[in-house]
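Quick notes on the structure that follows.
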Amino acid sequence: MRGLSLAGLACLASLATLADAAPASYAQRPEVLAFIDEMVRERGFDAKALRRLFAQVEYQPKVIELISRPVLAPPKWYEFAPRFLAPERVDAGVAFWRAHEHALALAEQEFGVAPEIIVAIIGVETYYGRYTGAYRVLDALTTLAFDYPRRADFFRGELKQFLLLARDERIPPLEPRGSYAGAMGLPQFMPSSIRAYALDYDADGKVDLAYDVLQKLDAGVSERQPLAQWQADGVDAFDSFEGLAPDPVGLLMLEEEGGPSYWIVFNNWFVITRYNRSRLYASAVAELAQALKEAARNTP
């Protein structure tokens, strides 16, 4: 009997701990109500509608777990790159390129960015749309906005942008799904980036989170000035330094299993880092883009 009592007490204590850890309904929390008041006052939302919406939002402990994972030693190039440069990913990229050839050509004509760069970014981000995320974006952003103090201001801003995007595009806000951080679509744009950069390329009167968003994916090139910044060659390796253009260049070190390799990188490589600051990411995009271009040229 004493053993059973102790077990029962332990169970009750465990349940009490879980109850303390689980946040109250978002629609009842003071900070969420203040957020709703702000959206009503500044953006013209309906207070009752937002309260009903937040009553349906679900706290996502897995989101907090994923974003709170400690950062260990960053991967080396030889550990990071292979999955993005695998032959099957290159083949899938060529197929994606051909399926969207017309739209990509229009984007190149308007913004000056080569199709292989756009396709490579999408290939690295979501494997050409295969993995765009399974979390309800509203759940993820609300969880991070109100239960992740470290970056609460950033995610509250993204939550605002998401609600504005849903209203502008007439998207049911509980439907879109994305990453645990709230990124959406083929290139995994945050809501603020979608509102700033997405174009309606198929002229259907709305921005499609899956496809239209890729059309203005200019890899960080300044608005309406891509041709001045994007050159024909972005990353290359050289046996000598003769005949290089007068543009500024950089020296990039990438870890290989047999020792470091060194690359001369041009402005294009730095432009990719404006989309994602990781040198490994930018290098993977550049290498995948080159592989896509060669494969497309050699595949009938």
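Here are a few things to note about the model shown:
- Global geometry of the range 145-210, whether rounded, prolate or oblate, following the gyration tensor of its Cα atoms and the 1.5 cut on a/c: prolate
- Each Cα pair under 8 Å and six or more residues apart adds its sequence gap; the mean of these over the residue count of the range 120-170 is a relative contact order of 22 percent.
- Overall form of the range 47-175 per C-alpha gyration tensor (a/c, 1.5; a/b vs b/c): oblate
- When only the Cβ of Lys, Arg, Asp and Glu is charged (+1, +1, -1, -1), the dipole of the range 33-104 relative to its Cα centre reaches about 120 debye.
- Protein-only accessible surface at a 1.4 angstrom probe places the residues ASP200, ASP139, ASP91 in the order ASP91, ASP200, ASP139, largest first.
The values are calculated or read from the model by the stated rules, or taken from the named source; none is laboratory data. It should be emphasised that the depicted structure is a prediction, and the values quoted were computed from it without experimental measurement. Positions of Cβ are generated from backbone atoms using ideal geometry, with glycine treated the same way; all protein chains shown enter the neighbour counts. Accessible surface is based on the protein model in full, side chains and every heavy atom, while ligands, DNA and RNA are left aside. Shrake-Rupley method; radii C 1.70, N 1.55, O 1.52, S 1.80 Å.
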